[in-house]
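Just so you know, all these numbers are worked out from the coordinates, no wet-lab data involved. All values derive from a computational prediction rather than experimental measurement. Glycine gets a Cβ as well: all are built from the backbone with ideal geometry, and neighbour counts include every protein chain shown.
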Amino acid sequence: MRSIDKKGIVRVAAVAAIILLPILGIFYLGKAKWVHKPLDYLGQTETLPDGAKQYHTLSDIQLTDHTGKTINLAGFDSCVIVANIFFASCPEICPEMNKQVQTIAEKFYRNPKVRFLSVSIDPESDSVPVLKNYAARFRADRLNWQFCTGSKKEIYDWVINDLLLATEQKGQDFIHDDKVVIIDREKHVRAILPTRGDKNKDRFEALKRIEEDINNLLYEYRQKELDK
């Protein structure tokens, strides 16, 4: 009987560890102190004759958002942009990714200097009414978040060459990615980060990294304003 009792205790302890360790991990990660870390500039960088750096800069693009409004990047001039690509009929990856984006957007919804831009890579299917219904799933209208459509060719060129996100899969006229791109006010790409993971801890750490990098950029701008 004693051996049975010991086995039972071991099983209970193992189950408790499986339940409690992720909770404790999330608790301590949430308590970790944020420290500013300057973000890199991604993409091709050129050094000008005077020694100044010219960084990869997003070209403009005209899109239509889920409310039917025509937008372009000029409307984001004073904002940090968190961008991603998706398509509304995607069964798993896109909903998981956009749920993560929603979590981040909820943290910054009171800050008009942070906006979220999700661009459909299937504009032939993702009409404005489709996007409106899709955006409602994630409460986009209250989160400074726009779901957009537009010209397929322009979107694909922009995603590959400007966002530096996905490359076209061999033999397929289709691109897909589960990352977010963090873009500064000058339209430079400053981070490309995953949103998903196999475990809850991985997903939590992905959220934490995205939030930290947004705060890193906001900190840079606050410092520049103080230095004026």
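Assorted remarks:
- Estimated from the Cβ-Cβ distance and a Förster radius of 22 angstrom, the FRET efficiency linking T45 and R209 is about 0.45.
- Residue by residue, the stretch 138-151 carries 3J(HN,Hα) couplings of 10, 6, 4, 5, 9, 10, 6, 10, 10, 9, 10, 10, x, 5 Hz when phi is fed to the Karplus relation 6.51 cos²θ - 1.76 cosθ + 1.60 (θ = phi - 60°); x denotes Gly or Pro.
- Using θ = phi - 60° in the Karplus curve 6.51 cos²θ - 1.76 cosθ + 1.60, the 3J(HN,Hα) couplings for the stretch 116-123 round to 10, 10, 10, 10, 6, 9, 10, x Hz; x is entered for Gly and Pro.
- DSSP bridge pairs, the stretch 117-228: antiparallel proportion in percent, nearest 5: 60
- Computed 3J(HN,Hα) for the stretch 188-203, one whole-Hz value per residue from the Karplus formula 6.51 cos²θ - 1.76 cosθ + 1.60 where θ = phi - 60°, is 9, 7, 10, 6, 10, 10, x, 10, 10, x, 6, 10, 4, 4, 5, 5, glycine and proline marked x.
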